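A.B. asks: Let me begin by handing over the structure; questions about it come next.
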Amino acid sequence: MARILASKVVPVCVLGATLLFAACDHDQASPATPSGGSQPGPTVVTARTIEGAIEGLAAPGSLVVSGTSIQLAPDAVIRSGSMGLTFADLRLGARSRVTADFDGTTYRAALIEVLDVVGTPTFLHGAVSGLTVDRNGLQFRIGNQLVRGNADTPVFMGSRPATASSLREGGMVDVNGLQRTEYAFATSVTVNGADPAPTPSPGPTPMPNPSPNPNPTPSPSPSPSPLPSPLPSPVPIPGPSDVTVSGTVLSVSGSCPAISFTTSGSSVVTNNNTDWSGGACASLAPGAHVDATGAQNGNTVVARQVTFR
């Protein structure tokens, strides 16, 4: 009886082992089921504006504005007003407005607008060459120096306000400006020469003498010739209204007689026609108290007289 049970147990064990092996082999051959985890979505880029002082500059094309690190895009534009600038024109502390794209990690600037004055005060004197003038401004050279101005750059003919169309090739000018990396930005241009004299009014046309009559008819009582009516006096052409700015001189640039200084929020420029009272041009320095009288163009006064107080 024991022998019969043993003979039945062996086939059962063999069959179990066979089924177990087949199950293991099936598990190994089954491909892994991919997990159902979420895939990363597309990067979202948003436009941002950062405004504040420039706190750091690192070439090439990296700066810090108001605590934010910014990289310049390859086609980034840098400008002051309508005038283009280069990265080298940027200065620490200058107030700027940056328009940038932010991808969640990096700010990339497409536009940098410098809100403060850009450049070192400079004065130029010489002949104009390579002149171009259009609705956007003016451009010319004095020697090797490129000079550019925008539509707001004041131009004077002597002490009278004029326009950029008054400039001529070869004409002598004085330029007060700001020296930048690639050009000098003109804050005012004065065409040298005296103020144009007013055009005189034409005098009366002489009347021709009548030819004598060979057979004059006697007149019993010749009437006297009427007296000619007096010609009206020519009306003088009014000059530009003078203004006077008074205050303490804050800054001075240029060299006499053509200098530029600021006082009471106005820019004052002088030239060969400026009269000085109570002091000389060379003695003008920051801290001096002056009255400046002259023609105004925008925020600039071309001084006819400067009086020290």
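A.B. asks: Using the 10 angstrom Cβ neighbour count as an exposure proxy, how do Y183, Y107 rank, fewest first? Can you show the working numbers first?
C.D. replies: Working: Y183 20, Y107 17.
Ascending Cβ contact count within 10 Å gives the list Y107, Y183.
A.B. asks: A further question follows. Give, as a single signed number, the net charge of other residues whose beta carbon lies under 10 Å from the beta carbon of A151, with Lys and Arg counted +1 and Asp and Glu -1.
C.D. replies: Values: positive: R135; negative: D134, D152.
With Lys, Arg at +1 and Asp, Glu at -1, the neighbours total -1.
A.B. asks: Among L124, L146, which comes first, second and so on when ranked by fewest other beta-carbon atoms within 10 Å?
C.D. replies: Going from sparsest to densest Cβ surroundings: L146, L124.
A.B. asks: Can you put M172, M83 in order, fewest other beta carbons within 10 Å first?
C.D. replies: On the way: M172 14, M83 20.
So the residues, fewest neighbours to most, are M172, M83.
A.B. asks: With the calculation restricted to Cα positions, what are the radius of gyration and Dmax of region 120-191 in angstrom?
C.D. replies: 10.7, 31
A.B. asks: Amide H neighbours of I78 under 5 Å, counting only residues 5+ apart in sequence or on other chains, H built in-plane at 1.01 Å?
C.D. replies: The answer is L85, I112.
A.B. asks: Residue-wise, which Karplus ³J(HN,Hα) couplings in Hz belong to region 60-77, taking 6.51 cos²θ - 1.76 cosθ + 1.60, θ = phi - 60°, and x for glycine or proline?
C.D. replies: Ordered by residue, 3J(HN,Hα) equals x, x, 9, 8, 10, 10, 6, x, 10, 7, 9, 9, 7, 5, x, 9, 5, 10 Hz.
A.B. asks: Take every Cα-Cα distance within region 237-308, group them into 10 Å bins from 0 onward, and report for each bin the whole-number percent of pairs it holds.
C.D. replies: Bins of 10 Å from zero give 22, 62, 15, 2 percent of pairs.
A.B. asks: Determine ³J(HN,Hα), in whole Hz, for all residues of region 181-189 in sequence, where each value follows from phi through the Karplus function 6.51 cos²θ - 1.76 cosθ + 1.60 and θ = phi - 60°; x replaces Gly and Pro.
C.D. replies: Per-residue couplings from phi come out as 4, 9, 6, 9, 7, 7, 8, 6, 10 Hz.
Coordinate-derived values only; no laboratory data. Since the model is a prediction, treat every value here as computed from it, not as a measurement. Note that each Cβ is placed from the backbone with ideal geometry, even for glycine, and that neighbours are counted across all protein chains shown.
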